[in-house]
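S.K.: Pasting a structure below so you can have a look.
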Amino acid sequence: MSSQSATTHAGSKKVIYAAILGNLLIAATKFIAAFVTGSSAMLSEGVHSLVDTGNGGLLLYGLRRAARPADKTHPLGHGRELYFWCFIVALLVFAVGAGVSFYEGIIHILDPEPVANPIVNYIVLGFATVFEGASWSVALKEFRGAKGDLGYVRAVRQSKDPSVFTVLFEDTAALLGLVIAFVGISAAQIFAMPELDGVASIGISFVLATTAIFLARESKGLLMGESASPETEQQILNIANSDPDVQKANGVLTVHMSPKQIVAGLSVEFEDRVRAPEIEACVERLEAAMKKANPDVVTLFVKPQTTSTWKARRQKIDAA
């Protein structure tokens, strides 16, 4: 693994550790408050924080599994396993977080009970906001450093490291959930309508469901295989075209195996004068130059190909 990749994973782990610690403290305080007060919204928030804690553990597991070296059954490495576990996290947010919150909301609307000791809920919500805000700020700082000049939505769309933006979106959903819980508990107390506590729980479930659907969509794209950035592909072509034995680099196909592992297939038309030994030496030069310029390109396949053949294949891909 390259030093850049190790640095990226270190940053991802820092974000995840912060999220796990924050969510564990928050879940404990929310469950205590839900037990004391009987609040549906607080119970939903407790389940939400518990799910987020477990999700952090799954992301750490995914990072560890993805870091394993290539072997006979996985010759290109295990990098995509991170994308798989991020997809599982999205499913858990939807099935457990949103599902339990929606169920609790319906139960408390059909059989409403006044919230006892509401002041306990307010205290817990205050502490939860502090803990959640601290975790959120760590994730936001890491994501800002990774996104550069891109906007937030575009940066998420182009990001190849879902571990950071998964934590960021989970923490954002948690903060929104805290706001909804505060409004629901307050409204239930002010208007003497305990049903509003259940309505808040349903509102929290919709926030979680929306977050889960967005995360699942992004993780699915990465799991299926997304290409590298246009800048990376152009860099590969420039390096190939600079070699004296290359007449023309026709094009390149790339796919991310993990945030910092790219497999590239390069179509090259060699000079007519070069023979097989010279082509072999040229390929070795290209591989060495590529890894020096961009360590993320861990595997490079070079295919001798005429320009017309490449164009025909590229048109089929673009038309799909």
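S.K.: Could you please find all residues in the stretch 86-114 being in contact with a Gly (Cβ under 6 Å, 6 or more places away or on another chain) and under 18 Å from Phe182 (Cβ atoms)? Can you show your working first?
M.R.: Step one: of the stretch 86-114, the residues in contact with a Gly (Cβ under 6 Å, 6 or more places away or on another chain) are 105, 108-109, 113.
Passing the criteria: Gly105, His108.
S.K.: Out of Lys147, Lys160, which single residue is more than 11 Å from the chain's Cα centre (by Cα) and crowded, with 17+ Cβ neighbours inside 10 Å? Give the steps one after another, and end with the answer.
M.R.: Working: Lys160 fails: more than 11 Å from the chain's Cα centre (by Cα).
Just one listed residue meets the conditions, Lys147.
S.K.: Do we find a residue being within 23 Å of the chain's Cα centre (by Cα) and not assigned by TED's automatic domain parsing to the domain that holds Pro259 anywhere in the stretch 177-186? Before you say what the answer is, go through the steps one by one.
M.R.: Within the stretch 177-186, the first condition is being within 23 Å of the chain's Cα centre (by Cα), and the residues that meet it are 177-178.
The next check asks that each one be not assigned by TED's automatic domain parsing to the domain that holds Pro259; those that pass are 177-178.
Yes, that holds for at least one residue.
S.K.: Here's another thing I want to ask about it. Would you point out the residue of the stretch 112-142, among those that are crowded, with 18+ Cβ neighbours inside 10 Å and aromatic (Phe, Trp, Tyr), that is modelled with the highest pLDDT?
M.R.: Result: Trp136.
S.K.: Assess whether Ser163 counts as being in a helix (DSSP H, G or I), among the polar types (S, T, N, Q) and touching a residue at least 40 places away in the same chain (Cβ under 8 Å). Don't jump to the end; show me each part of the working.
M.R.: On the way: in a helix (DSSP H, G or I): yes; among the polar types (S, T, N, Q): yes; touching a residue at least 40 places away in the same chain (Cβ under 8 Å): yes.
Here the answer is yes, as Ser163 does meet what is asked.
The values are calculated or read from the model by the stated rules, or taken from the named source; none is laboratory data. Not measured: the values here are computed from a predicted model. So basically every Cβ, Gly included, is an ideal-geometry build from the backbone, and we count neighbours across all protein chains shown.
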